[in-house]
Every structure is written in structure tokens, then in C-alpha cells.
There are 2 protein chains.
Amino acid sequence: MSHKGQTSLKAMYRPEGLIDFCTAIFAGEGLTDADARLVADSLVHANLRGVDSHGVTRVPIYVKRLQKDVVEKEPNIQVLSEARSTVLLDGGNGMGAVVATRAMSEGLRKMRESGSASVAVRNNNHVGAGAYFAAKATAEGAIVFIYSNAPPTMAPWHARTPYFGTNPYCFSVPARKHPNIVLDMATSVVARGKIIVAAERGEAIPPGWAIDEEGRETTDAQAALDGCVLPFGGPKGSGIALMIDILGGVLSGAGFGRGIGDLYRELSVPQNVGSFIQLINIARFMPMERFLDRIDTMIDEIKALTPVPGVNEVMLPGELEARTEAIRSTDGIPLPEDVESMLMEYGKDTGFSLSECRV
Amino acid sequence: MSHKGQTSLKAMYRPEGLIDFCTAIFAGEGLTDADARLVADSLVHANLRGVDSHGVTRVPIYVKRLQKDVVEKEPNIQVLSEARSTVLLDGGNGMGAVVATRAMSEGLRKMRESGSASVAVRNNNHVGAGAYFAAKATAEGAIVFIYSNAPPTMAPWHARTPYFGTNPYCFSVPARKHPNIVLDMATSVVARGKIIVAAERGEAIPPGWAIDEEGRETTDAQAALDGCVLPFGGPKGSGIALMIDILGGVLSGAGFGRGIGDLYRELSVPQNVGSFIQLINIARFMPMERFLDRIDTMIDEIKALTPVPGVNEVMLPGELEARTEAIRSTDGIPLPEDVESMLMEYGKDTGFSLSECRV
């Protein structure tokens, strides 16, 4: 088989193997074993669901920030104040997955006691895909919202310069017959990564994705990168991004607007990301079995709708990712060659062999 | 001045006068004085803010439903279950504004005790503009979300037939120097009313607003009316509409999907609208003064962004409505002639004179 053939086929990796391998990398950078495993698990979980942009491809930047001491290896995560159904948490500038896991655990404790719970988090870092943390909540019978703000890359509606991040919105609900509903999305029209790819290929981008430096709508990918990405759905999506920055940033005491440090370009300052979690205990409203009947009925009804021409099937949020997870759990996670080489390089001192993680 | 001149100028009405006038209409239909005033106040509040589609123009359909006994005049609104921060409410098929006011009051009570609160409501009716109820919450130092589902008129992403309503999303946050932030929006790209107007004028509609009966994107307004309106922002807005139907409908035990009765066309069955309110007590997270400083700073920063070409000013959600409210509070509410005649007709037995309500 030619070198080129290998690239296009991609080697397949066992999820558990990848988790062990990445755990060793993060533990080597000074995280406790438990925290290292948590970060590794959250990244590989994204790969399992097919959200490769938030998977192990983030290892280098996470390692770099740990090496620059701009993220705390053993953060002092503190409850700053709490009420029966609220918690204000200082993330101690810890790794996002570590802080979010603690925030979720504080929130679930409050929710069990009080029926619902609201957790605001300051002094956090890049959290990664919300779906990983949402799964802990739905497993406990919760409906969950997770919001985090992000470095400024997106213009508010009618502005020409970035102020909001692509502030991710994550909403999840347990189902039974069907996969859980998981709406885990950026509040931008499109991930900036897709514009970078178009620019590299010299391709145009669709109208409505971005504006150029002068604030004019553009289909020129390079002009879009010099300008900025737009919120999804115009003023409405802009309002949702604003909401996330208010709950995650303003209310928590974290950074907001241009006050969030860039993950990649600012390696000397903490990000001060802000997050917000809302948990609702389903069983306080109706017996869980009845709720699951109703959700499955709703999903059945939506799946039975006739799709528009050219589309085979009406899909629910998270359905495609659940299918990918089922496949990759068995067949393994495909990694492109550049990600393989990167992992080998970062893992070379751990004593673990990446090739032994192959399926 | 010619008759035509008067039409285009529109007569101006004192808000208090209109509230008294509409209160008399609803009291005449059997609502208690307090409830009649509440419904009237909520409608005129929408007119004050310039949201005339949700103002006194709704009087006829509200009256019709009361006359058909399909809405309870003196509803038995019941707390079905509660925890420290949750309430499940049966709206007793009461007028939407009456039920929503009670739900808000139960929620605020829980929020004061516990820090945040979640209220789900079944057996509700058309609630009207969420901003009216949100204002009660922000006045008590809350960040508030209000969701209601609605009769099916909107296709989920990639489906060709209606399943969701235009499920309104309302989010509001108090500010100090600036008007409160009030994001009060349908989750459809556009109100169906705008498509009706375009069809009447024989005008085309922009692509992306609606699909025809075969599920094809259309710019033909009549074909759009025969087809259905689309969620804002494609799959993302569709996900938000789904979220609202789950919290408002599935979790509360109300109708969901095609289970919501049409306000106008189904005059023999209760709507069984479902609503959900989330309240967050700001003071449990930081001193209110500090929060207001931070929100005003954020708004200052957004207002200072350079607008895109052709736009004079970057606006925050609710800012335009707040300006309109300031103007109309002083100058009065303009009513078109057809709305004037309708009100006169509906109010003819009340002993109140509409013309005496003019500025």
C-alpha cells in the first residue's frame, strides 16, 4: 500500500488506548492522574462523537499552556458563594474540563436538593465540547444547559468588529428509545475553521458567513479571515451569543466581550473564560418514565415527518453524533497522519506507544 | 384635514385610557376586574413598546375565545408540585396573561428563597409578548427566561411540514444607565404576518424565509403561505425551537408539537399551551450595583463598535422598543383606523368612549 493510500485510509485507534496515551501526556505536564484522565477523556469523547475539531487535536495547545504556566496544574477551585439552588465557583484558572466537571458536580448536588440549580463559573479556561459534561447531567435525570464565553472573534449584529466569541450553546435532554437530544453548537454561522480551509483552497464561502474588514458581506474566504465571522440567524443569534456572555461572563465575574484571552495567541495571560450551567431535575416535574415516553413520542413524530427534497431523513440534534459514537466505539477512532505524528511527538517521553493503541 | 390625511396620521391614544377601555371589554366578558386589567395592561404594554402585532389588535380573538367558553374566565390555577426551586403549575386553561403572571409570582417567591427558580406551566393559553412578564422579574433583580410553545406552523430543520410553533424566546436582564436588555423573539426567521402582507401585495419574499408545500425554498409569498415558515438560523434555530417545546410542552405536561390548539382556527378546544420560566437572582452571584456596572460597561462597549456600512448605530436587543416606549408614553399610542373601529365595536356596551382616550 502506498504512503498516500495509508493517509486516505487513516489508522483506527481504540478509544481506551487514546485516553491512556493522552492521560500520560497530561500527567507528564504536572496534572494529577485523575485530572489528566479527565482532560484526556473529554477530548477523546469528542473524537468518538465525530467532533474531531474538539478532540485530541487540542493536545498541543493544552500542553503549551500548561508548559507556559498560564493554566494552573493543581487549581484551587473554590465555592465563592452559594444558596439553595445557586453556586458561584472560582475555577482557579484550572484546565477547562477539570473546572467544568467540578461545576457540574456542585450543580448536580444542588439540583438533587432543590429541584433545579444554577452554577456560574469565573476564572475558567477552554472547556471543550459541552456534550461531555452534559452527559453527566442527563445520566442523573437532568435537562441541562451549558454556556461558555470565548475569545472575541464574532461581530455583534450590525457591528463590523469582533466583540463576542463563538460562545457555545449546549442543551441536552435524556431520551430512552432514541439517543439523547444534544444541541451542542457555536453561536456563529459557521466554525472559523471552515473559512480557513476555504481560504487555503482558494474557494469562495457562501454569503452570510462573514464580513470583511470594512463590515461588508463577503464570499472571499481570505477577506472573511481579515474581517470576522457572523452570528447565526442575524440579530437573533447575536442575542443568544450576548445572553451567553452575560450569564457566563458578566454574572460570574469572569471576563466578557474583549476581556477573554485567546487560546492560541495569548500564551502569557489566563483566559478568564466564564461559564454557566443550568440543571433541571425532570423527576420534580413528572415521573421519569412518563417524561421519557413523551420525549420518545416527540422524537418519533419528528422522525416521521417527510423530509425536504434531497434529504433522506429528518435528524434530531445529536443524532448523527450518537451514530458516529456507536460506530467509533466498535471500529475505533480514525486519526489523520498529521494528528498521529503530533501525538507521537507529544507522547514520546511517556513510555506509551501510540501504535499499540491501534485497533 | 381630509379623511385620508387622518388615516395616514393615525389618532394617538393615552396608554392609561386604552388600558381602562380594554379592561372594561374583558370585564364585560366575565373576567374579574383584576384579571381583565392584567390582560389589558399586557396588550397595551406591547403597543407601548411598538410591538403592535401583540397589542390591542388581539382583543377580538381573546374576546371570541372567552365567548366560546374555550378559555376559563375564573381559572383554577394550581400548584401541582413544588420543590425548593421548582414549581409545576396547572394554568387551569386561564387567559395566558393571567396564568403567566401567577407563574412569574410563584417563580419569584422560589427565587427569593433559593437563589434561582424553574417554573413549568401546563394548560395555558396564548401568553402574548413575553417582555411584559419579564419586566416584573428584572424589577426584582432577576435575569429571566420565558419560553412558550405555540400551534404548529414551522417545519423542523429538513422537514417539509409544520411541527413546531414559532415558539417565542424571551430573555431579559436589568441594566441601569441603559435600557434593560430584552431579547423577545419568535424562533422563526420571520413572523408569518410579514408573509401574509407580501402575498396581499403580490410581492416576493427573500429566500430562506419559507418553503412551499413540496418543501422547496420559495420566494413566492402565496406558495410560502401554502407551505411553511422556517426556523431562524437553520438547524441551530430549529434546535432552539425544539428546546422550547421540550421545556414548555414535554416537561410541563402541556401539549407539544402538533398538540397545541390554534389560537384563531380552533375555537372549540383549549390550546393547552406550555410555558417555562427560569429566574436567576443576580444578588446571589454578585452585589447588584457591581452587576449593573458590568452590564452598563458591556453595553457601552457594544454601542461604541463601528457599525457596518449603511447602519447608523449598533443596537442592543430591546433598545429600539425602549425608545418607542419612551416616545409613546408621552405622545400616545397610534392606532390605525381598522383597529380603532374594531375597539369601538367591541367596547360599545361598556359605557366607555374610545374617543375620550385620545391624547
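Taking the numbered list (1) open to solvent by less than 30 Å² (accessible area, probe 1.4 Å); (2) outside the structural domain of A:Asn123 (by TED's automatic domain parsing) in turn, A:Leu225 passes all entries but (1). Every condition in (1) more than 9 Å from chain B (Cβ to nearest Cβ); (2) among the β-branched types (Val, Ile, Thr); (3) touching a helix residue (DSSP H, G or I) at 6+ places or on another chain (Cβ under 6 Å); (4) within 26 Å of B:Phe285 (Cα to Cα) is met by A:Val273 except one, and the failing one is (3).
Of all residue pairs spaced 6 or more apart or on separate chains, those with beta-carbon atoms under 6 Å, a first member in segment B:91-104 that is in contact (Cβ under 8 Å) with a residue 40 or more places away in the chain and part of a helix (DSSP H, G or I) and a second member that is open to solvent by 10 Å² or more (accessible area, probe 1.4 Å) and basic (Lys, Arg) are B:Met104/B:Lys136. Selection over segment B:228-251 of residues that are under 27 Å from A:Ser188 (Cα atoms), part of a loop (DSSP other than H, G, I, E, B) and either facing chain A (nearest Cβ under 8 Å) or polar (S, T, N, Q) (or both) gives a count of 3. Put simply, of A:Ala135, A:Ala155 the only residue that is away from chain B (no Cβ under 11 Å) and either of a type in the set (A, V, I, L, M) or within 23 Å of A:Gly233 (Cβ to Cβ) (or both) is A:Ala135.
So that you can scan it fast, the table gives a plain yes or no per residue for (1) touching a residue at least 24 places away in the same chain (Cβ under 8 Å); (2) at negative phi; (3) within 14 Å of chain A (Cβ to nearest Cβ):
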{"residue": "B:Leu292", "(1), (2), (3)": "yes, yes, yes"}
{"residue": "B:Met298", "(1), (2), (3)": "no, yes, yes"}
{"residue": "B:Ala304", "(1), (2), (3)": "no, yes, yes"}
{"residue": "B:Pro307", "(1), (2), (3)": "no, yes, yes"}
{"residue": "B:Val311", "(1), (2), (3)": "no, yes, yes"}
{"residue": "B:Leu320", "(1), (2), (3)": "yes, yes, yes"}
{"residue": "B:Thr324", "(1), (2), (3)": "yes, yes, no"}
{"residue": "B:Ile333", "(1), (2), (3)": "yes, yes, no"}
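For segment A:164-204, residues that are over 14 Å from the mean Cα position of the chain (by Cα) and over 17 Å from B:Gly233 (Cα atoms) total 22.
Counting only residues that are over 25 Å from A:Glu319 (Cβ atoms) and open to solvent by less than 10 Å² (accessible area, probe 1.4 Å), how many does segment A:118-146 have? Matching residues across segment A:118-146 total 6. Count of segment B:183-211 residues, restricted to those that are open to solvent by less than 20 Å² (accessible area, probe 1.4 Å) and within 14 Å of chain A (Cβ to nearest Cβ), is 7. I want to confirm something. Restricting to segment B:1-50 and keeping residues that are in a loop (DSSP other than H, G, I, E, B) and at pLDDT 95 or above, which single residue is surrounded by the most Cβ atoms within 10 Å (Cβ to Cβ)? Going through the qualifying residues, I end up with B:Leu31.
Scanning segment B:106-117 for residues that are within 17 Å of B:Phe285 (Cβ to Cβ), surrounded by 24 or more Cβ atoms within 10 Å (Cβ to Cβ) and out of contact with any Gly (no Cβ under 6 Å at 6 or more places or on another chain) yields B:Lys110, B:Met111, B:Ser114, B:Gly115, B:Ser116. For segment B:212-222, enumerate the residues that are at the interface with chain A (Cβ under 9 Å from one of its Cβ atoms), open to solvent by 30 Å² or more (accessible area, probe 1.4 Å) and not in a strand (DSSP E or B). Those that are at the interface with chain A (Cβ under 9 Å from one of its Cβ atoms), open to solvent by 30 Å² or more (accessible area, probe 1.4 Å) and not in a strand (DSSP E or B): B:Glu214, B:Arg216. Checking each residue in segment A:168-180 for being out of contact with any strand residue (DSSP E or B) (no Cβ under 7 Å at 6 or more places or on another chain) and crowded, with 21+ Cβ neighbours inside 10 Å picks out only A:Pro174. Let me spell it out: the conditions are (1) among the aliphatic types (A, V, I, L, M); (2) assigned to a loop (DSSP other than H, G, I, E, B); (3) over 22 Å from the mean Cα position of the chain (by Cα), and B:Val79 meets all of them except one. Which number is the exception? Exception for B:Val79: condition (2). As a summary of the residue check, B:Leu267 satisfies the conditions (1) more than 11 Å from chain A (Cβ to nearest Cβ); (2) modelled with pLDDT of 95 or more except for the one numbered (2).
Which members of segment B:112-145 meet the condition of being assigned to a helix (DSSP H, G or I) and not aliphatic (A, V, I, L, M)?
Scanning segment B:112-145 gives B:Arg112, B:Glu113, B:Ser114, B:Tyr132, B:Phe133, B:Lys136, B:Thr138.
Are any of the residues in segment B:63-81 closer than 29 Å to B:Asn180 by Cβ, crowded, with 22+ Cβ neighbours inside 10 Å and away from chain A (no Cβ under 14 Å)? No, that holds for no residue. Which condition breaks for B:Ala150 when tested against (1) in contact (Cβ under 8 Å) with a residue 24 or more places away in the chain; (2) among the aliphatic types (A, V, I, L, M); (3) farther than 18 Å from A:Leu305 by Cβ; (4) more than 13 Å from chain A (Cβ to nearest Cβ)? Among (1) in contact (Cβ under 8 Å) with a residue 24 or more places away in the chain; (2) among the aliphatic types (A, V, I, L, M); (3) farther than 18 Å from A:Leu305 by Cβ; (4) more than 13 Å from chain A (Cβ to nearest Cβ), the lone unmet condition for B:Ala150 is (3).
The values are calculated or read from the model by the stated rules, or taken from the named source; none is laboratory data. Not measured: the values here are computed from a predicted model. Glycine gets a Cβ as well: all are built from the backbone with ideal geometry, and neighbour counts include every protein chain shown. Remember, those area values only see protein heavy atoms, side chains included, never the ligands or the DNA or RNA. Shrake-Rupley method; radii C 1.70, N 1.55, O 1.52, S 1.80 Å.
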